[in-house]
Amino acid sequence: MIIHRKFSIFKIKCKRYSLFYTIFIPISLIGILLIGGYTCYIYQKTYHNIQKNLVNQQSNYVGQVKNNLEQKIQTIEYTFSTYSMTNQFKQMLNQPLNPHNFEEVRKIRSELAYISVMGIDNTTNYHLISLKQGWDISHNSLKQLSKNELLQKKLLAEKTSDYIFWKKKDNHLEMRILLPIFQTERSAIGTATIPQTTIDQLLGKKSTNFFGIYDKNYHSLYQHNQPLTPNLQKKLTNSTKKQGTMIDDQKNIYFYLKSDYNHWTYVACLPNKEIHSSVLSLELGLTLLASCFIILFLIIAYLIASFAERPIREIGDLLAVDSIKGGWKSETKKILSGIDLLLTENAGMISKINKQKPELEKLFLLNLFYDQLTDIEIARKFAQFGYLMNQEEHYAIILIQIDDLGGRPEEAKDLFLVSLENIVSELIPKNMRFQPIILKQEIQATLLYMKPCIDKKKLIDYCTAIQQAAQNFLNIKINFGISNDYTEIKDSKTAVINAKEALSFRINFEQDTMIFFDDIHPYHQKYPAAKYPKKEEQELLDAMRIGEKEATQQYFIQVFSFILNENKHPIILENMILQLVNNLVQFGQLLGADMELLENSQNIYLEVLNKKNPFKVKEKIYTLLILPIVQMTQEKTDYEMRSLSEQMLVLLHKQYDQDISLEMIGEQLNYNPNYLSSVFKKEIGVNFGDYLQNYRLSISKHWLIETDLTIKDISTRLQYTNPQNFIRFFKKKIGTTPGEYRKQNKIYQ
């Protein structure tokens, strides 16, 4: 018994009504979305900052390496150059040396030792080669060059215009300096053989990240780790910047820096995994912090929902009402039923009548709006509900429709309509309105009365207040349709219709709109978006150009049906038909149509402007405009109507997204490509290739505006082998890149 009693108490405490979840779930979802969004924003911001810092560090590292290495190289160059200007150097080069010339050899070795001390390090091997006497002296040896070796050295000195050049070998890099540097006749070569391990130590490269050095022709002089991919090598070669970055397929960042001294290019890699390892702690920290905030927000949402639900729960507990299916409205209804039962037992029939009075008033208003009451019944109901019928009263009806439930399910619409009734009741004084009601479970309606007339400014103030309350407390967006001002209460049905008509124009405006019937009745301030069949029209013009009557009729039916089906507004429909007529007249003039065609077009313009039957307009366009153009082209050109240039245009318009060429068209039409090229140039006025590129350009502009295709997909479908070629051609012709063109036109739309 004790256990059962404790379980019952726990069950009562844990019992939750639907109102609790109605409050708790939205607050929780909003909090989670806000915290998650802000966390993502912080992560992205910090990630980019870390990435930027790492790139800057890599940039500084490359600059430091460049400066250190160039300083060493300049030192070697300077010491060799200084030594080549001495008298001893000139004397030694003119002497034939052998092991017996110990003193002379020792002096040269001493100079090479000094260059070694001033140069990179002791592992670098330095040589001095005499082109006149054919000897080669290093630190440890004296060597006499063979005739072939000496000849190769002399040819090397004569062929090159540079005084210093480099040669990469298996495990070392060889530096060669033609001496004397400042003389045209070179009599010696100074060499420095630098092992790759020496460069590794000089660069201080302890990691496995890539580092490379390239000469002015972008030939590799030094590489640490894997070489650059062909794509990156191509980007580096084509780059004209002094420094910059490149990104490979694995999102690794390569920083390059070009030297002004020897035109070398230094490249270092910042791996993507290194960036991710740097932000790993950030990810963990943000995840933990976001989790803590979400848990805290859920606790707060739980407390708010519990506090808001507590009065309903306490009343439900007193009335022994259990949580039932059907939502908060059903639970509230059951609680109210319990309260009504108590009131009925205590107050009797008076309480029942008072309870039913609002519903009876709503029923009265529904019958009034549907014009189902006589004048006598209206007067009697007015007296019953405490309203006075005054000849000076002016009436107006406000219809409120929910436009956005703020992400809630459609089933919650009834609940919000009831809430709107309460908001209207609170914000509009009772002496200016009837009981707010709901029409067909879709629209909230309120009948207002004022004297001596409906104050439009005050009406706007009330609607604005209702709109603001709906946004702040219910998080919904609503639209208003307001009828005309009328004085006869019997005209309420017409007023409801007018208010609905005003409300129907909300599609032409943004959300949260107030539309007065008096504003939209005389004219329309804004129309739906027009839709015009450009592709179908082009097919129609192509069929007319080659004189195919059946195809012309078929394509015309498609064009006209598209205009009728896609443009419901009469003004828009009229404009689209006039545009079609205008395009057909221009096309006829282009083909050399006579004045009779222009007279026919004037009749068609009048037919459209007079808003006659659209099917009669369709028949007149075909018989008075299209058929004369087709017959004129047939009578004028006969076989020329099917001339090669027109057939080529048709094939080009159909196959522009294929690898089309004059050879391909020649195979289809059984003509020589050269002949087709001359015919096309003569008839159209431009080369075939230029026309094809311009036509593809127009197609790309249409796709950029009307579709979500990527620039790469567009370039591929238009047979561009490289998206960069497409972007360059587009910018050359249009003056802007495809991405900027799409952005500008999206903003315009």
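Odds and ends about this structure:
- Inter-part distance where region 257-286 and region 671-689 are each reduced to a Cα centre, Å: 54 Å
- Full extension of the chain segment joining K682 with Y114 gains 196.6 nm, where the gain is 0.36 nm per residue of separation less the Cα-Cα distance.
- Karplus-based coupling profile of region 98-115, in residue order and whole Hz: 8, x, 6, 8, 4, 5, 5, 5, 4, 5, 5, 4, 4, 5, 5, 5, 5, 4, with θ = phi - 60° in 6.51 cos²θ - 1.76 cosθ + 1.60 and x standing for Gly or Pro.
- For region 123-153 versus region 45-70, the inter-centroid distance based on Cα atoms is 42 Å.
- One chain, two ends: T716 and I376. Fully extended at 0.36 nm per residue, the span grows by 114.7 nm beyond their Cα-Cα distance.
- Of K52/K251; K242/K731; K167/K216; K451/K490; K457/K490; K241/K731, pairs whose Cα-Cα distance is over 19 Å: K242/K731; K457/K490; K241/K731
Here, each number is a calculation from the coordinates, and none is a lab measurement. Being a predicted model, the structure only gives us computed values, none of them experimental.
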